[in-house]
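For reference, the structure is listed below as structure tokens.
The values are calculated or read from the model by the stated rules, or taken from the named source; none is laboratory data. All figures in this text were calculated on a predicted structure; none of them were measured in a lab. With ideal geometry, Cβ positions are generated from the backbone for all residues, glycine too; neighbour counts draw on all protein chains shown. The accessibility values were calculated without ligands, DNA or RNA, using every heavy atom of the protein model including side chains. Shrake-Rupley method; radii C 1.70, N 1.55, O 1.52, S 1.80 Å.
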Amino acid sequence: MFEKVLIANRGEIALRVHRACREMGIRTVAVHSTADSDAMHVRLADESVCIGPPPARDSYLNVPSIIAAVEVTGADAIHPGYGFLSENADFARIVAAHGITLIGPEVRHIEMMGDKVAAREALGRLGVPLVPGSDGPVPDAAAARAAAAEIGYPVLVKAASGGGGRGMKLAEQAEGLDEAFATARREAGEAFDDDTVYLEKYLEAPRHIEIQIMADSHGAVVHFGERDCSIQRRHQKLIEESPSPILSAESREDIAARALAAIKRLGYRGAGTLEFLYQDGAFYFIEMNTRLQVEHPVTEMITGIDLVREQIRIAAGAPLGYGQSDIRFHGHAIECRVCAESPETFRPSPGTVTDYHPPGGLGVRVDSALYSGYTVPPYYDSMVAKLIVHGANREECLMRLRRSLEEFVIDGMETTLALHRRVTDDSEFAEGRYDIHWLERMMTAPNGEARP
Ligand code: ADP
């Protein structure tokens, strides 16, 4: 087992990884920018190293500084968390060249899944159902028109290297395609340094349902069920739950079995998530994430398994040590992502926490690096806390979630807590009747209800 792990991240996820390490008797090294000297992840870690000035490209994305921090502290592994360098194949290659273990999958799989066109091809070949789409990348507007005619409108032009809900343009019909193609291509080049785009059929009212898998280096593969992440704004998740309120046991088993079979054939190692759209009883693969997800706690709450500990054990070469039938699912869990943003305009609202009171009690978990007096810096992602609640069933979970949201106090800045209160009070949400557009409809509906 590792003796010392360097955590190449900040905020709640750096704390999350630190906690797993602590419980396993592993020492931790925090890295931080000059804007984060007072951050909780720095305070809790056994050691810390300043890796650069506030902008992420000069600190949390600064590979030479991070490698130097590993060498100075003698850490034997790096946990990248999510975001930042977690899906960067070049980083993974450099880490390996320095004889350091990256707690994550092999470079070839990070690379394959980082290219959504390659991911579609690979998983489609292995029997995973895909969203109908172009056969590979679409090089020019003429090829886009030909592919769209075959797929049928509406279509989405998507960036092969896209992420974070960016790099997608909708063409409702043929007239809009040239513009969608040109815009998507330009934006993809600017945002991801890769202007490769492809086409997918635009599904009108799907749910986003994803399967969590874990594979060791000895050929064992398991799944931890699904997460329903359909409560989104601008294609970004705000609330996630498990199990999905609409999935039957048969559909769950079917899609999980197909995902596992594909993962096994790929020879994948580590934690991974296969993301699907689900509409009219059918699953359509959209992408695979080769890292820990923000929403992993809902899975931990219903399985009782520490996914970060599993990642660390697997990276150290340990076998999973259990099979699918050993994984039991209990009750229901929902996560709310709380951001330092206006709950109406979503304008970032960084500031100093004047009062902080996280909710507690049975089945309530708060993953956050906030503390009273802490100043949220303006340089990074605005998510400041995750509230995760577990109940014996969805009804109890929702009741407990509403109560927890009432208790939660974060003063000194605007947060999206008010939006979460509004969603969890909504009757359609309570009935589990929502798709990926529901939240945006609800926010614009005059009576607060998201009727289509
Ligand atoms: P990213 O990597 O940027 O998160 P994804 O491909 O995972 O991009 O898609 C993110 C979200 O965008 C999905 O959860 C869904 O809301 C929407 N989306 C993606 N592809 C489609 C599609 N073909 N039809 C409708 N919505 C889509």
Being outside any loop (DSSP other than H, G, I, E, B), within 22 Å of residue 333 (Cβ to Cβ) and either assigned by TED's automatic domain parsing to the domain that holds residue 433 or of a type in the set (Phe, Trp, Tyr) (or both), is that true of even one residue in region 348-356? no
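So that you can scan it fast, the table gives a plain yes or no per residue for (1) in the same structural domain as residue 424 (by TED's automatic domain parsing); (2) in contact with a Pro (Cβ under 6 Å, 6 or more places away or on another chain); (3) of a type in the set (D, E, K, R); (4) at pLDDT below 95:
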site: 155; (1), (2), (3), (4): no, no, no, no
site: 168; (1), (2), (3), (4): no, no, no, yes
site: 197; (1), (2), (3), (4): no, no, no, no
site: 241; (1), (2), (3), (4): yes, no, yes, no
Log entry, pairs with first residue in region 120-142 being within 16 Å of residue 158 (Cβ to Cβ), second being at pLDDT 95 or above and charged (D, E, K, R), beta carbons closer than 6 Å, six or more apart or on different chains, reads 130/120; 131/200; 131/201; 132/201; 133/200; 141/178
Residues of region 231-243 being open to solvent by 10 Å² or more (accessible area, probe 1.4 Å) and either more than 10 Å from residue 209 (Cα to Cα) or in a strand (DSSP E or B) (or both), which ones? 232, 233, 234, 235, 236, 237, 238
Would you pick out the residues in region 195-227 that are surrounded by fewer than 21 Cβ atoms within 10 Å (Cβ to Cβ) and within 13 Å of the ligand (Cβ to nearest atom)? 201, 202, 203, 204, 205
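Conditions tested, residue by residue: (1) touching a Lys or Arg at 6+ places or on another chain (Cβ under 9 Å); (2) open to solvent by 10 Å² or more (accessible area, probe 1.4 Å).
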{"position": "229", "(1), (2)": "yes, no"}
{"position": "249", "(1), (2)": "no, yes"}
{"position": "298", "(1), (2)": "yes, no"}
{"position": "315", "(1), (2)": "yes, yes"}
Listed residues 415, 303; which is farther than 30 Å from residue 269 by Cβ and either open to solvent by less than 30 Å² (accessible area, probe 1.4 Å) or in contact with a strand residue (DSSP E or B) (Cβ under 6 Å, 6 or more places away or on another chain) (or both)? 415
Checklist (1) farther than 30 Å from residue 9 by Cα; (2) modelled with pLDDT of 95 or more applied to residue 404, failing item: (1)
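Sort out which residues of region 139-156 are within 14 Å of the ligand (Cβ to nearest atom) and either aliphatic (A, V, I, L, M) or not in a loop (DSSP other than H, G, I, E, B) (or both), and write them in order of number. Outline the logic, then answer.
In the first step, residues of region 139-156 are kept if they are within 14 Å of the ligand (Cβ to nearest atom); the result is 147-148, 151-156.
Passing the criteria: 147, 148, 151, 155, 156.
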Got a number for residues in region 370-421 being under 22 Å from the mean Cα position of the chain (by Cα), part of a loop (DSSP other than H, G, I, E, B) and not β-branched (Val, Ile, Thr)? 7
